[in-house]
Amino acid sequence: MAQEIERKFLVDGDYKSHASSSSHIVQGYISSDAGRTVRVRLRDDRAYLTIKGPSTDGGMSRFEWETEIPSRDALQLLTLAQGPLIDKRRYLVEVGGHTFEVDEFYGDNEGLTLAEVELSSVDEPFTRPDWLGEEVTGDRRYYNSHLRAYPYKDWK
């Protein structure tokens, strides 16, 4: 079991030319309430079951447990998902010793691009690339579990 510490940002600029890889992700939420989530994710040809606790430290930290599961099991579990599935492409971008995960959303969240950087402590410094926009850490609107129920297309 681990504590996840991350900061989240809107993206404003070219990150793709700096990406070392990308993968397609489809994920659904079996349960999501009071900041706790049970998520099933297909990432290319691999699948994962993840449980996350409520956020602390202004949205920067939360308990996270994840295990790989067979893809066929994930496909079955996704039929139990609440609301629509999240569909996105994730780009990995190395900057100053940290890996930024940049998610470009599709479907009802098309037009939204977010970057996350995982840290070892809440006050760990990191290099901020020029394509990083406004910080949205702790803003629940940008949580994937929230985007499935309140998609970006409806924000305008």
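Within region 137-149, residues that are over 14 Å from R39 (Cβ atoms) and free of Cβ contacts under 8 Å to residues at least 24 places away in the same chain have Cβ atoms under 9 Å from residues that are among the acidic types (D, E) and surrounded by fewer than 14 Cβ atoms within 10 Å (Cβ to Cβ) in no pair, counting only partners at least 6 apart in sequence or on another chain.
Pull up region 46-58, narrow it to residues that are in contact with a Lys or Arg (Cβ under 8 Å, 6 or more places away or on another chain) and of a type outside the set (A, V, I, L, M), then point me to the one that is surrounded by the fewest Cβ atoms within 10 Å (Cβ to Cβ). Only one residue fits best here, namely P54. Take the conditions in contact with a Ser or Thr (Cβ under 9 Å, 6 or more places away or on another chain), modelled with pLDDT of 95 or more, within 14 Å of L78 (Cβ to Cβ) and not small (G, A, S) and apply them to V40. Does it pass? Criteria met by V40. The set of residues in region 136-151 that are closer than 15 Å to K52 by Cα and surrounded by 18 or more Cβ atoms within 10 Å (Cβ to Cβ) comprises Y143, N144, S145.
For region 101-117, name all the residues that are surrounded by 13 or more Cβ atoms within 10 Å (Cβ to Cβ) and either at pLDDT below 95 or farther than 18 Å from H18 by Cβ (or both).
We begin by selecting, within region 101-117, every residue surrounded by 13 or more Cβ atoms within 10 Å (Cβ to Cβ); these are 101-110, 112-117.
Result: F105, Y106, G107, D108, N109, E110, L112.
Just one of the numbered conditions (1) among the hydrophobic types (A, V, I, L, M, F, W, C); (2) without any contact (Cβ under 8 Å) to a residue 24 or more places away in the chain; (3) touching a Gly at 6+ places or on another chain (Cβ under 7 Å) is not true of V11: (2).
Looking at G133, G97, which one is at pLDDT 95 or above, touching a Leu at 6+ places or on another chain (Cβ under 7 Å) and surrounded by fewer than 20 Cβ atoms within 10 Å (Cβ to Cβ)? Steps first, please.
Working: G97 fails: touching a Leu at 6+ places or on another chain (Cβ under 7 Å).
Exactly one of G133, G97 is at pLDDT 95 or above, touching a Leu at 6+ places or on another chain (Cβ under 7 Å) and surrounded by fewer than 20 Cβ atoms within 10 Å (Cβ to Cβ), namely G133.
Taking first residues from region 52-75 that are under 16 Å from V38 (Cβ atoms) and partners that are polar (S, T, N, Q) and not in a strand (DSSP E or B), the Cβ contacts under 8 Å between residues at least 6 apart in sequence or on separate chains come to R62/S55.
Among the candidates I69, I25, single out the residue that is surrounded by 15 or more Cβ atoms within 10 Å (Cβ to Cβ) and under 19 Å from N109 (Cα atoms).
Working: I69 fails: under 19 Å from N109 (Cα atoms).
Answer to the check: I25.
Across region 28-37, the qualifying residues are those that are free of Cβ contacts under 8 Å to residues at least 60 places away in the same chain and closer than 21 Å to G138 by Cβ, and the one among them that is surrounded by the fewest Cβ atoms within 10 Å (Cβ to Cβ) is A34.
The values are calculated or read from the model by the stated rules, or taken from the named source; none is laboratory data. Since this is a predicted model, take the numbers as computed values, not measurements. Please note: Cβ atoms are built from the backbone with ideal geometry, for glycine as well, and neighbour counts cover all protein chains shown.
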